[in-house]
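Worksheet: the structure to be examined is printed underneath.
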Amino acid sequence: MRAPAALLSADGVSKHFGGFVALEGIDLDILPGERLGLIGPNGSGKSTLVNCLCGTLRHDSGMITFAGRKLDGLPAHQRTRLGLARSFQLPKPFRSLSLADNLRVPLLYAVNARPGARLSRAAVAARAAELLADVGLADKRHRLPRELTQVEMRKLELARAVASAPRLLFADEAMAGLSPSEVEEILAVLFRLNAGGITIVLIEHIMRAVMNFSTRLVVLVAGRRIADGAPEEAMRNPEVERAYLGE
Ligand SMILES: Nc1ncnc2c1ncn2[C@@H]1O[C@H](COP(=O)(O)OP(=O)(O)OP(=O)(O)O)[C@@H](O)[C@H]1O
Ligand SMILES: [Mg+2]
């Protein structure tokens, strides 16, 4: 039987910063509906890979396709319209806008920019309220981002990414620095989004969360993909053990 067609494929994607090779020929297929954990030591290239896939950075060589379309050279906002979304490791809300207005931006500029989409003002407001309710921020819709706690900020960052109605979401360290119960809250949000049909790539250092969430694990070390497979198996890979435990 053939494997299901990948939603996103990276084929030999490389990226360097000056003389430093941050990604070296990354091959990666992300399948529709999966919950993929992307792990690796600090500086191994995880965020750089997300940046190249989402168009925040330009890759140097290799090919990226999403839903059958070549992405190479497309700017980030066009990839967003095609259905790619990401949350940033350091949340990037519009600081002078209320939470509700923070969500109206992707609704107006990503969702309403799609062919055939035309949400009315009322529909945009209703969808913004619904997205905030989904992450437990309904009663803060008129607040500014600076009034939020750290976990609330992470939830806003996810809601902003989800507002663009993505098919694929990269959550880049959405849980760093949170307490165990807050980590569970974010995980619950991600599980719900996945159950609603969004394919999710979780980039995370909290191994308990990664192992709980992921149906597959990809491990980057020094810009190379050194393991890809069932989570327990990937963690038993000797190269992964060496990278994590030192020699
Ligand atoms: N814009 C840039 N210019 C120069 N070097 C960069 C740039 N962005 C990333 N790097 C370097 O590329 C390497 C990979 O960085 P990246 O942020 O992708 O790692 P990461 O796996 O996401 O790490 P972390 O787990 O700490 O978030 C690091 O050595 C980093 O210093
Ligand atoms: Mg990173």
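Some observations on this one:
- Rounded to 10°, Cα long-axis angle of helix 121-134 versus longest principal axis of the chain: 50 degrees
- Selected from Ser96, Ala195, Gly68, residue furthest toward positive end of dipole (the chain; charges at beta carbon): Ser96
- As a rough guide to protection, the peptides 21-32, 64-75 ranked by mean Cβ packing within 10 Å, highest first, stand as 21-32, 64-75.
- Number of Lys-Lys pairs in segment 19-166 with C-alpha atoms under 19 Å apart and a separation of 8 or more places or on different chains: 4.
- Rg and Dmax [Cα atoms of segment 93-203; Å; Rg one decimal, Dmax integer]: 13.6, 43
- Per-residue extension of 0.36 nm, minus the Cα-Cα distance of Ser61 and Ala133, leaves a gain of 21.8 nm for this segment.
- Computed over the chain, the ratio Rg/Rh where both radii use C-alpha atoms and Rh is Kirkwood: 0.97
- Angle between the chain longest axis and helix 150-163 axis [Cα atoms, degrees, rounded to 10]: 90 degrees
- Compared with the alpha-carbon gap, the fully stretched path from Asp11 to His142 is longer by 42.8 nm at 0.36 nm per residue.
- Less than 5 angstrom separates the built amide H of Ser61 from those of Ser14, all sequence-distant by 5 or more or on a different chain.
- FRET E, pair Ala113, Gln150, Förster distance 35 Å, beta-carbon r, rounded to 0.05: 0.65
- Dividing the summed -39500 (n - 2.57) terms of all DSSP H runs of n ≥ 4 by the residue count of the chain sets its mean residue ellipticity at 222 nm at -10500 deg cm²/dmol.
- Here the chain carries DSSP beta bridges of which approximately 55% are antiparallel, counting only pairs with both residues inside.
- From the Kirkwood radius over Cα pairs of segment 148-241, Stokes-Einstein at 4 °C and 1.567 mPa s returns a whole-number translational diffusion coefficient of 92 µm²/s.
- In this calculation the C-beta distance from Glu233 to Lys92 is compared with R0 = 30 Å, giving a FRET efficiency of 0.25.
Every number here is computed from the coordinates shown, using simple stated rules; none is lab data. For clarity, every value in this text was computed on a predicted model and none was experimentally measured. For neighbour counting, all protein chains shown are included, and Cβ atoms are generated from backbone atoms with ideal geometry for every residue, glycine included.
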